[in-house]
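Notes to accompany the following structure.
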Amino acid sequence: QPLTCGKTEIKIGNQCFTMVPVMVGSAVTLCIVSAACVLRALRRRIVNQALFLKGNCFWQKLYSLQGNAFARRLAGEDIAAIIDDSRHQSEQLGMSLDYILAEFE
């Protein structure tokens, strides 16, 4: 029976147990959590960009966000909702967002 354990082992009772699976599992979990946080931050940034474009009447740029595959994949439903809201607001102001977009093309 060993008196001391190696660098990656822990002694429980009179036996040494390796900590490698715990370290690998922790590293994988940390990577997954980090990736989820990054994706959430990117999604929030895209939605905030869309809201900024809507608020400043940059409708063509807002509409072009839907053409961005990465933005559409991360926040497509939110972008579509913001565009629909912009379309509704423009109709209330007596102008058609589709007409404005067509004029700028």
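The values are calculated or read from the model by the stated rules, or taken from the named source; none is laboratory data. Because the structure is predicted, anything quoted here is derived from the model rather than measured. Reconstructed Cβ throughout: ideal geometry from the backbone, glycine too, with neighbour counts over all protein chains shown. Heads up: the accessible areas ignore ligands, DNA and RNA and are worked out on the full protein's heavy atoms, side chains in. Shrake-Rupley method; radii C 1.70, N 1.55, O 1.52, S 1.80 Å.
The residues C57, C5, sorted by heavy-atom accessible surface at 1.4 Å with ligands and nucleic acids left out, run C57, C5 from largest to smallest. Size of the range 29-99: Rg and Dmax of its alpha carbons, in Å, are 14.3, 53. Amide hydrogen proximity for E9: with H placed 1.01 Å from N in the peptide plane, the residues at 5 or more positions away or on another chain lying under 5 Å are M19. Among the protein heavy atoms, those of D78 account for about 50 Å² of accessible surface (1.4 Å probe, every chain in place). Sparse packing (at most 16 other Cβ atoms within 10 Å of the Cβ) combined with a DSSP loop state is found for the following chymotrypsin sites (Phe, Trp or Tyr not before Pro) in the range 9-98: F58. Note that the range 80-91 has calculated 3J(HN,Hα) couplings of 4, 5, 5, 5, 4, 5, 5, 4, 5, 5, 5, 5 Hz, one per residue in order, obtained from phi through the Karplus relation 6.51 cos²θ - 1.76 cosθ + 1.60 (θ = phi - 60°); glycine and proline are x. Per-residue 3J(HN,Hα) values for the range 7-23, derived from phi via the Karplus relation 6.51 cos²θ - 1.76 cosθ + 1.60 with θ = phi - 60°, read 4, 9, 10, 10, 9, 10, x, 10, 10, 9, 10, 6, 9, 4, x, 5, 5 Hz in sequence order (x marks Gly and Pro). Sequence-ordered 3J(HN,Hα) estimates for the range 49-60 from the Karplus curve with 6.51, -1.76 and 1.60 and θ = phi - 60° stand at 5, 5, 5, 5, 4, 5, x, 9, 6, 8, 5, 5 Hz, glycine and proline given as x.
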